[in-house]
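In what follows, a single structure is set out as C-alpha cells and then discussed.
The values are calculated or read from the model by the stated rules, or taken from the named source; none is laboratory data. Everything quoted here is computed from the prediction, not taken from an experiment. Using ideal geometry, Cβ is built from the backbone for each residue, glycine included, and neighbour counts are taken over all protein chains shown. SASA here: full protein model, heavy atoms, side chains in, ligands and nucleic acids out. Shrake-Rupley method; radii C 1.70, N 1.55, O 1.52, S 1.80 Å.
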Amino acid sequence: MKNLKIAIQKSGRLNEKSVQLLKNCGLDFENYKSSLITTVNNFNLEILFLRDDDIPGYVAQGIADLGIVGENVIDESEAKVTYLQRLGFGRCTLKIAIPKDSPIKDLSDLNGKAIATSYPVILQQFLDEYRIQADIREISGSVEIAPGLGLSDAICDIVSTGGTLKSNGLKPFADVRSSEAILIGRDGLSENPIVCELMQRVQSVLRAKETKYVVLNVEKINLPQITELLHGVKSPTVVPLAEEGWVAVHTVITEDDFWDKINTLKAAGAQGIVVMPIEKIIL
C-alpha cells in the first residue's frame with residue numbers, strides 16, 4: 001500500500017507537540033531534526049517537515065495528504081482543506097494590541113488607523129465584520145516593534161502569554177480569533193483506511209490525555225453512591241477486597257470532573273483514592 005504523507009512544522013511552537021503526538025500514536029521514526037522528510041518504520045506514512053505557512057497549501061494541492069498546523073495559518077492561507085481533528089495543543093489568540101499610552105479606547109477608534117500584522121486576511125475579515133476602515137500594513141517578523149518605530153498605531157498578532165507585548169510597551173486591546181493545532185487532510189481522504197487507522201490512534205491518545213484511571217476503596221453499603229458519581233467508559237469495575245464488606249472501584253474519569261467530585265467522593269465514603277495517567281483509550 002502506498003505511503004501517505006503528513007506535513008508538520010519543522011521548527012516553531014507546534015513542532016515538539018506534533019512530533020510527540022505522532023510518537024504517542026505508536027509511530028516509529030527517527031532523524032526528524034536533521035531532514036525534511038522521514039519514513040515511519042511501522043506505518044504507511046512519511047513525515048514532511050515544512051514551514052507552517054506552507055502546510056495548508058501543500059495539503060490542498062495534494063503534495064501532502066495530511067497536515068498538522070495552526071487554525072490561524074489555515075484561515076490566513078484560505079486553502080481548501082478538510083478539518084479532521086482538533087488536537088487541543090498550540091492554543092493561542094490572535095489579538096489587536098496597542099501602545100500602553102494609546103488614545104484608542106474602543107473599536108471605532110481604529111477607523112483611519114494603521115495596523116501592522118502578518119495576518120492581513122484574518123484581520124480584514126474582522127475589520128469588515130465591525131465596519132472599520134483601517135490601513136492594514138502587512139509585515140513579517142517582529143510585528144510588535146511596529147508602533148515603536150512609527151510604522152503603525154496598533155498591531156494584530158498571535159499572543160500566547162502576553163510577555164512579548166509587555167516587553168514592547170503594548171497591551172491587548174481586542175480578541176480577533178482563537179486558534180489551536182488542527183489535523184487537516186486533502187479533500188476525499190477521510191475514507192482512506194490508513195487515515196482511518198491514524199485517526200483512531202490520534203483520538204485514543206487525545207481521550208487518554210483528558211482522563212485519569214481512578215482506583216478507590218469503599219464499603220459495600222456506600223457503593224451505590226460511588227457508582228452514581230463514577231460512570232466510567234461503560235460502568236465501573238467493582239472488585240471485592242480481602243476485608244469483608246469492602247470493595248475496590250476501578251474507573252476512568254476526566255481530570256476536571258475528578259477535581260469537581262473528589263470531596264463528594266470522600267463524603268460518600270471513598271478511601272485510598274489512587275489516580276493514574278492513561279496512555280490510550282480505544283472505544
- request: Quote the FRET efficiency, to the nearest 0.05, computed for residue 267 versus residue 91 with a Förster distance R0 of 41 Å and r equal to the Cβ-Cβ distance.
  value: 0.75
- request: Consider a paramagnetic label point 7 Å from the Cα of residue 109 along Cα→Cβ; state which residues of region 131-145 have an amide N under 17 Å from it.
  value: 132-135
- prompt: Which percent, nearest 5, of DSSP beta bridges in the chain are antiparallel?
  reply: 75
statement: Here the alpha-carbon Rg of region 1-61 over 2.2 N^0.38 Å rounds to 1.06
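Of the heavy-atom accessible surface of the chain (probe 1.4 angstrom), what whole percent is carbon and sulfur?
48
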statement: By the Cα gyration tensor axes a ≥ b ≥ c (a/c under 1.5 gives rounded; else a/b larger than b/c gives prolate, otherwise oblate), the shape of the chain is oblate
- line: Beyond 20 Å (Cα-Cα) in this structure, taken from 100/166; 220/280; 10/280; 209/280, we find 220/280; 10/280
- prompt: Per residue, how much space in cubic angstrom lies within the convex hull of the C-alpha atoms of region 1-153?
  reply: 134
message: If I take R0 = 41 Å and measure r between the Cβ atoms of residue 283 and residue 131 in this structure, what FRET efficiency does the formula 1/(1 + (r/R0)^6) give, to the nearest 0.05?
response: 0.30
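Based on the Cβ-Cβ distance from residue 167 to residue 257, what FRET efficiency comes out when R0 is 35 Å, to the nearest 0.05?
0.40
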task: Pull out the extension gain between residue 78 and residue 63, defined as 0.36 nm times the separation in residues minus the alpha carbon to alpha carbon distance; nm, one decimal.
output: 3.7 nm
